[in-house]
1. Whose amide H sits under 5 Å from the amide H of residue 28, counting only residues 5 or more places off or on another chain, with H placed in the peptide plane?
2. Considering amide H positions built from the backbone, and no H for Pro or chain starts, which residues 5 or more places from residue 78, or on another chain, come under 5 Å of its amide H?
3. Quote the FRET efficiency, to the nearest 0.05, computed for residue 9 versus residue 227 with a Förster distance R0 of 41 Å and r equal to the Cβ-Cβ distance.
4. According to a simple spin-label model (label point 7 Å from Cα along Cα-to-Cβ), what is the distance in nm between residue 131 and residue 54?
5. Could you name the lysines whose alpha carbon sits less than 27 Å from that of residue 134, not counting residues in the same chain fewer than 8 places away?
6. How high is the FRET efficiency from residue 165 to residue 199, r the C-beta distance, R0 25 Å, rounded to 0.05?
7. Can you tell which of 88, 231, 262 lies farthest toward the positive end of the dipole of the chain, using +1 and -1 charges on the Cβ of basic and acidic side chains (Lys, Arg; Asp, Glu)?
8. Which whole-Hz couplings ³J(HN,Hα) result when phi for each residue of segment 228-235 is put into the Karplus expression 6.51 cos²θ - 1.76 cosθ + 1.60, θ = phi - 60°, listed in order with x for Gly and Pro?
Amino acid sequence: MAPALRAEDVAKRYGRVQALAGVSLEVQRGELVGLLGPNGAGKSTLVKIACGLIRPSRGRAQICGAPAGSSAARAALGYLAELFRFPGWYSADEVLRLHQRLVASPGGEHERHELLELVGLADARRVRVDAMSKGMQQRLGIAQALVGSPPALLLDEPTSALDPAGRRTVRALLEELRAREIGVLLNSHLLSEVELVCDRVVILSRGHVVAAGRPEDLSRPRGVEIETDEGVRLFAEAGRDEVPGLVAAVVGEGRRIYGVRVLATTLEEEYLEAVGGDTA
């Protein structure tokens, strides 16, 4: 089965500006991949190429095996832009009905009811967009991206304007999308959110992939802290595998142990190191 999204050596130049310089990545079905990078790193250009809105100068992008921008690729792709706007006088049901017509979805009322239930808006079916909170509009945006049951989804900053409760709701929704075998590319500046929900991350800087992998694989060990009755002791060169021996040695010294922490760098620290001075 072809990946939900595949980019192979994708480059894009705007005159003298090199927006992308040979980016390759894949998003498998049922996988959440976080796309990270400072402003101007090339994230938006990559998303536009995947959507078929612009053509690459080199390389190719595919959605479920179909060339990006083709009718087959558009049918397999759902997209939520960062600054989306729905008509304020439309109800939630009317927004989904409009997008059903746009993508020629035969799902009808059953699909609309299922999607509103999925995003926690089943009781807001007739609520107009102007009367919705930002979180409700964000969830409605994800629902419209899922009209027609696309196996690939591009989400651009879906939690950036939400409060902690709203971000938790969207995280739970993303977990549900994974369970439904939908491949999701999540473009976000909120590293803590990406670290919580994504299977892998890809970090772009100046049009290049500068780091990629699972969040836990990108982190580096920073030692072991053991809290004793004499205070906290740091074993800077130790790792997880050495914890049992360290604990045994400290207990052997007659000390009481109240806590053990295996220290590692955070995704934020690895991100800042990967992009260097490119933090705009």
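1. 4
2. So residue 78 has HN proximity to 152, 153, 154.
3. Result of the calculation: an efficiency of 0.25.
4. 4.1
5. Residue 134 reaches 43, 48.
6. Between residue 165 and residue 199 the formula returns 0.55.
7. So the residue we want is 88.
8. 10, 5, 9, x, 8, 10, 10, 10
Every number here is computed from the coordinates shown, using simple stated rules; none is lab data. Being a predicted model, the structure only gives us computed values, none of them experimental. Glycine also receives a Cβ, built like all others from the backbone with ideal geometry; neighbour counts cover every protein chain displayed.
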